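**Q** What follows is a structure written as structure tokens; I'll ask about it next.
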Amino acid sequence: GTPSYLNTCYSIIGKDYGVSVATVYRLKGKMIAPVEGADGLSPMDASAEDRKREVVYAHSWFKNLTHEMFG
């Protein structure tokens, strides 16, 4: 199959306040293009619990990425 690429960006704005954006990309001809409908943003009206969860996800992403890169 065609490989997919995922771009995720987390921002921790405050102690318990995080947001994220993510998009999936695929090869389309000779270009890498976003996959329609395969993206997402933290909702503007997210609950306080959702914002806290985004902070947990951000820390987990960083921990996993640095472990994969540096062991």
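**Q** Restricting the search to segment 18-57, which residues are among the hydrophobic types (A, V, I, L, M, F, W, C), surrounded by 10 or more Cβ atoms within 10 Å (Cβ to Cβ) and closer than 30 Å to Gly1 by Cβ? Talk me through it step by step, then tell me what you get.
**A** Residues of segment 18-57 among the hydrophobic types (A, V, I, L, M, F, W, C): 19, 21-22, 24, 27, 31-33, 35, 38, 41, 44, 46, 48, 55-56.
Checking which are surrounded by 10 or more Cβ atoms within 10 Å (Cβ to Cβ) leaves us with 19, 21-22, 24, 27, 32-33, 35, 38, 41, 46, 55-56.
Hits for segment 18-57 are Val21, Ala22, Val24, Leu27, Ile32, Ala33, Val35, Ala38, Leu41.
**Q** Could you tell me how many of the residues in segment 44-61 are part of a helix (DSSP H, G or I) and more than 16 Å from Lys15 (Cβ to Cβ)? Don't jump to the end; show me each part of the working.
**A** From segment 44-61, those part of a helix (DSSP H, G or I) are 48-61; that's our starting set.
With more than 16 Å from Lys15 (Cβ to Cβ) added as a condition, the list becomes 60-61.
Number of matching residues: 2.
**Q** Inside segment 1-43, counting only strands (runs of 3 or more DSSP E) that do not spill past its ends, which hold 1 or more residues that are farther than 24 Å from Asn64 by Cα?
**A** Passing ranges, in order: 17-28, 31-41.
**Q** Turning to a different aspect of this structure: Which members of segment 16-71 meet the condition of being hydroxyl-bearing (Ser, Thr, Tyr) and in contact with a Cys (Cβ under 8 Å, 6 or more places away or on another chain)?
**A** The first filter runs over segment 16-71 and keeps only residues hydroxyl-bearing (Ser, Thr, Tyr), leaving 17, 20, 23, 25, 42, 47, 57, 60, 66.
Across segment 16-71, the qualifying residue is only Ser20.
Read-outs throughout are calculated quantities, based only on the coordinates presented, and are distinct from any laboratory measurement. From a predicted model like this one, the values you see are computed outputs, not experimental measurements. When we count neighbours, we look across all protein chains shown, and the Cβ atoms used for this are built from the backbone with ideal geometry, even at glycine.
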